[in-house]
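Q: Structure below; questions to follow.
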Amino acid sequence: MYNDIVERAAFEPFSDLSGVLSGLPIRVFPVGTFYRGERKLTVTKDRLQQFAANVKAGLPRFAIPINIEHKDEMGSYGTVEDLEYIEQGIQGPGLYATKYQLTDEGRKLLEQEKFIGLSGEAIWTLFDGAKYQDPQTGREHDNVLVGLALTNKPFFGKEVNLYSAF
């Protein structure tokens, strides 16, 4: 049971979030293989489809927050309400947030260009076998999105950001 372990990863190009303000789908994760030190993450279509299926099944059992720099204590700047795997997505194949809401403050931060990218927060077995435990059933689930962060910290330059945190 790894409820406290969350993988925070962003694979989104860090350049333009204007589509977020107009309600376009936001790519959370792409398909591909990515590296960080000794770690190798292979993100497949099947895995991303499971993220979407989990959201449709009501997982996680809380509203998926949009936060700042992965810091929930700074408050919520919106919520992600639905995910879809889109093969022909705006930025290529991947998992997209297709329904989301921004708070007035979240919208202002994007309008003011305070942040340059987005970073998904996942509980998945790609991070030391972690799984999300449903508090209602006790069942464990792989590939659960638990947050989306507005961020300025692309750990892999301008193209890919990947880090883990407890």
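Q: Are any residues in the stretch 66-88 part of a loop (DSSP other than H, G, I, E, B) and touching a Lys or Arg at 6+ places or on another chain (Cβ under 6 Å), and if so, which ones?
A: Step one: filter the stretch 66-88 for residues part of a loop (DSSP other than H, G, I, E, B), giving 69-70, 75-77, 87-88.
His70 - this is the single residue of the stretch 66-88 that is part of a loop (DSSP other than H, G, I, E, B) and touching a Lys or Arg at 6+ places or on another chain (Cβ under 6 Å).
Q: Right, here's the next one. Look at Ala130 and say whether it is assigned to a helix (DSSP H, G or I), of a type outside the set (Asp, Glu) and more than 14 Å from the chain's Cα centre (by Cα).
A: Details: assigned to a helix (DSSP H, G or I): no; of a type outside the set (Asp, Glu): yes; more than 14 Å from the chain's Cα centre (by Cα): yes.
It is false that Ala130 is assigned to a helix (DSSP H, G or I), of a type outside the set (Asp, Glu) and more than 14 Å from the chain's Cα centre (by Cα).
Q: If you don't mind, there's one more thing I want to ask. Every residue in the stretch 91-127 that is assigned to a loop (DSSP other than H, G, I, E, B) and either open to solvent by 90 Å² or more (accessible area, probe 1.4 Å) or of a type outside the set (A, V, I, L, M) (or both), please.
A: Gln91, Gly92, Pro93, Thr103, Gln112, Glu113, Lys114, Phe115, Trp124, Thr125, Phe127
The values are calculated or read from the model by the stated rules, or taken from the named source; none is laboratory data. Source: prediction; values computed, not measured. All Cβ positions, glycine included, derive from the backbone under ideal geometry; neighbour counts span all protein chains shown. Note: accessible area is taken over every heavy atom of the protein model, side chains too, but ligands, DNA and RNA are not part of it. Shrake-Rupley method; radii C 1.70, N 1.55, O 1.52, S 1.80 Å.
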